Amino acid sequence: MKLVIANWKNNPKILAQAKRIFLSVKKRAGQLKNVEIVICPPFLYLPELSISRSRLKLGGQDCSWEGSIPLTGEVTPSMLKSFGAEYVILGHSERRRYFQETDAVINRKIKSALKTGLKVIFCVGEDPRNQIKKGLKGIRGGVMPQVAIVYEPLSAISTQKGSLVVPAELRQKKTLIQNALKQMFSRTVSQKIKIIYGGSVDEKNIKTLLKETEMDGFLIGQASLSSSRFLKIVQFCNRNRRTT
Ligand code: 13P
């Protein structure tokens, strides 16, 4: 089953708009049985959307680690869970770039999120092998099926031109990521981990991505802020059952 994740980032600007997008997607989502849809809104919208989530899954876009020290401004994995989130995005390139998140910090967050029972959407970018090695350090193979790896190079995000990484390169990166996982864990474990793509995915390029790459899902930014555009992507993925 394909995993399709909406990363709304710091959008939409008001709650009413967030509810409108969410409800339109929800209305249609009930009929789409071959795809898992996760909406990751800004933290503040989670409680409102959580009330009416039905088949849609919710996720956070980041979290801190659990701990006994005070962490001003942070949201912990258990807080996310208590508002109905089942997933959390960690290691997004925008957090690495603008908030100076290091591999060590991301690793700590991943461990804490998994311990709390959240599924992790772990983003890697320009240097996937190294980021995987450091980000997943010390994590047991047994919990790895709870992690999806997103290949999302910074240069492919929000290009506005619809230009994105070419399918041949994506196939190559998927193999590279699988090999890195095989090396770190085992072949069996690596086969249970979804490898997905993010970066300017839209309702136009999704057909090619589905046909010419074997990605297990997609992480969508801009195009997920329009329910009609997002639903088109989800519907294509729903029809395309080929998966790992
Ligand atoms: P865009 O789909 O807007 O390029 O964003 C990709 C992204 O960063 C999703 O996490």
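The values are calculated or read from the model by the stated rules, or taken from the named source; none is laboratory data. In this text the structure is predicted, and so the values were computed from the model without any measurement. Methodologically, a virtual Cβ is constructed for each residue, glycine included, from the backbone with ideal geometry; neighbour enumeration extends over all protein chains shown.
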- Do we find a residue being within 16 Å of the ligand (Cβ to nearest atom), surrounded by 19 or more Cβ atoms within 10 Å (Cβ to Cβ) and closer than 20 Å to Asn238 by Cβ anywhere in the stretch 159-178? no
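In the stretch 224-239, what count of residues is obtained for those that are away from the ligand (no atom under 12 Å from the Cβ) and aliphatic (A, V, I, L, M)? I'd like the intermediate steps shown before the answer.
Taking the stretch 224-239 first, the residues away from the ligand (no atom under 12 Å from the Cβ) are 227-228, 231-232, 234-239.
Checking which are aliphatic (A, V, I, L, M) leaves us with 231, 234.
Qualifying residue count for the region: 2.
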- Query: If you check Gln235 against the conditions, is it part of a helix (DSSP H, G or I), more than 18 Å from Val120 (Cβ to Cβ) and free of Cβ contacts under 8 Å to residues at least 40 places away in the same chain?
  - Reply: no
- Task: Only residues that are surrounded by fewer than 19 Cβ atoms within 10 Å (Cβ to Cβ), under 18 Å from Lys109 (Cβ atoms) and under 19 Å from the mean Cα position of the chain (by Cα): list them for the stretch 31-74, please.
- Result: Pro42, Phe43, Ser64
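Which residue is nearest to the ligand (Cβ to nearest atom), if the candidates are limited to the stretch 181-198 and must be outside any helix (DSSP H, G or I) and in contact with a strand residue (DSSP E or B) (Cβ under 8 Å, 6 or more places away or on another chain)?
Keep residues of the stretch 181-198 that are outside any helix (DSSP H, G or I), which gives 185-186, 192-198.
In the following step, the residues that additionally are in contact with a strand residue (DSSP E or B) (Cβ under 8 Å, 6 or more places away or on another chain) were identified as 193-198.
Details: Ile193: 18, Lys194: 15, Ile195: 15, Ile196: 10, Tyr197: 10, Gly198: 4 Å.
The extreme case among them is Gly198.
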- Message: For the stretch 193-213: of the residues being of a type outside the set (Val, Ile, Thr) and within 16 Å of the chain's Cα centre (by Cα), which is surrounded by the most Cβ atoms within 10 Å (Cβ to Cβ)?
- Response: Gly198
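Listed residues Ile110, Ile121, Ile132; which is outside any strand (DSSP E or B), at pLDDT 95 or above and in contact with a Gly (Cβ under 8 Å, 6 or more places away or on another chain)?
Details: Ile121 fails: outside any strand (DSSP E or B); Ile132 fails: in contact with a Gly (Cβ under 8 Å, 6 or more places away or on another chain).
The match here is Ile110.
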- Query: Residues of the stretch 196-215 being among the hydroxyl-bearing types (Ser, Thr, Tyr) and closer than 12 Å to Cys237 by Cα, which ones?
  - Reply: Thr208
- Within the stretch 71-101, residues being more than 16 Å from the ligand (Cβ to nearest atom) and either in a helix (DSSP H, G or I) or under 16 Å from Gly138 (Cα atoms) (or both) number 6
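Can you find even one residue in the stretch 14-33 that is part of a strand (DSSP E or B) and in contact (Cβ under 8 Å) with a residue 60 or more places away in the chain? I'd like the intermediate steps shown before the answer.
As a first pass, look at the stretch 14-33 and keep what is part of a strand (DSSP E or B): none.
Checked the stretch 14-33: no residue is part of a strand (DSSP E or B) and in contact (Cβ under 8 Å) with a residue 60 or more places away in the chain.
Scan the stretch 214-223 for residues that are more than 7 Å from the ligand (Cβ to nearest atom) and crowded, with 18+ Cβ neighbours inside 10 Å and jot them down. Steps first, please.
Taking the stretch 214-223 and keeping what is more than 7 Å from the ligand (Cβ to nearest atom), we get 214-218.
The answer is Met215, Asp216, Gly217, Phe218.
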- Taking Ala104, is it farther than 22 Å from Leu71 by Cβ and away from the ligand (no atom under 14 Å from the Cβ)? no
- Message: Any residue at all in the stretch 221-230 that's in a helix (DSSP H, G or I) and under 17 Å from Ile132 (Cα atoms)?
- Response: no
- Item | Pairs where the first residue, in the stretch 129-155, is in contact (Cβ under 8 Å) with a residue 60 or more places away in the chain and the second is acidic (Asp, Glu), C-beta under 6 Å, 6+ apart | Pro153/Glu126
- Pairs, please: C-beta under 8 Å, at least 6 apart or cross-chain, first residue closer than 25 Å to Asp202 by Cβ and in the stretch 164-190, second outside any helix (DSSP H, G or I) and aromatic (Phe, Trp, Tyr)? Val165/Tyr197; Leu170/Tyr151; Leu170/Tyr197; Lys173/Tyr151; Lys174/Tyr151; Ile177/Tyr151
